[in-house]
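A.B. asks: One structure follows; several queries about it will come next.
Just so you know, all these numbers are worked out from the coordinates, no wet-lab data involved. Note that the coordinates shown come from a computational prediction; the quantities given were computed from them, not determined experimentally. A quick note on method: Cβ atoms are made from the backbone with ideal geometry, for glycine too, and the neighbour counts reach across all protein chains shown.
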Amino acid sequence: MSIQDSNKQLCRDYFKAFLARDTAWMARHIAPEFVRHDPGLPFEVRGPKGVAELHDALLPAFPDMTLPLLDFVAEGDKVLVRLKVQGTHTGAFGDMAATGQKIDIDVLDLFQFKDDVLVEHWALLDNLGMLKQLGALPQ
């Protein structure tokens, strides 16, 4: 298996571990110095603990969240993943009370690996589309 194929599989495994809050997987495959660059988050995500905290901020709001993975592009030590975030807003999301609305938004995630460990992540989500779908902004 090529390094690119191995890194693509690590991305697939990352999303499964994230949804399951698999902290053992996170401790093995996310570097302590890992950072997620995400302009839509009001807090910093660092290391395996930060990824678990991100899970704890999102999954109570969208407990039925799914992350359909659509495309992978790998080069060198980086993998770009195009995916969706889908779910129903049934819990508090930051200051926003549950709306019962469904979301279906597009995401681009760029991951960087070193020796089979995730070291950096750049995330771009359609936050504007999500806020419209939740009714926080007009369509």
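A.B. asks: What ³J(HN,Hα) values, in whole Hz, does the Karplus curve 6.51 cos²θ - 1.76 cosθ + 1.60 give for the range 105-110 when θ = phi - 60°, with x put for Gly and Pro?
C.D. replies: Ordered by residue, 3J(HN,Hα) equals 10, 8, 9, 10, 10, 10 Hz.
A.B. asks: Right, another one. So which of 78/132; 16/114; 8/84; 8/49 end up more than 27 Å apart, counting from Cα to Cα?
C.D. replies: Details: 78/132 32 Å; 16/114 20 Å; 8/84 17 Å; 8/49 22 Å.
78/132, as the Cα separations exceed 27 Å there.
A.B. asks: Right, next: How big is the charge dipole of the range 75-139 about its Cα centre, in debye rounded to the nearest 20, if each Lys and Arg gets +1 on its Cβ and each Asp and Glu gets -1 on its Cβ? If you can, show how the numbers build up before the last one.
C.D. replies: Values: 6 positive and 10 negative charges, 73 e Å.
The dipole of the range 75-139 has a size of about 360 debye.
A.B. asks: How much mean residue ellipticity at 222 nm does the chain get from its helices, if each DSSP H run of length 4 or more adds -39500 (n - 2.57) and you divide by all residues, to the nearest 500 deg cm²/dmol?
C.D. replies: Helices in the chain give a 222 nm mean residue ellipticity of -9500 deg cm²/dmol.
A.B. asks: Also: For the range 26-139, what does the relative contact order come out to in percent, with C-alpha contacts under 8 Å and a separation of six or more? Present the calculation step by step, with values, prior to reporting the outcome.
C.D. replies: Details: 229 pairs, mean separation 28.5, N = 114.
It rounds to 25 percent for the range 26-139.
A.B. asks: Further question on the same structure: Just rank 128, 59, fewest to most, by other beta-carbon atoms within 10 angstrom.
C.D. replies: On the way: 128 11, 59 17.
Least crowded to most crowded, the residues run 128, 59.
A.B. asks: Can you give me the Cα centroid spacing of the range 51-109 and the range 1-35 in angstrom?
C.D. replies: So the separation of the two Cα centres works out to 16 Å.
A.B. asks: Taking a temperature of 37 °C and a viscosity of 0.692 mPa s, what whole-number D in µm²/s does Stokes-Einstein yield for the chain with Rh from Kirkwood over alpha carbon pairs? Write down the numbers at each step before the final one.
C.D. replies: On the way: Rh = 15.4 Å.
Estimated diffusion coefficient is 213 µm²/s.
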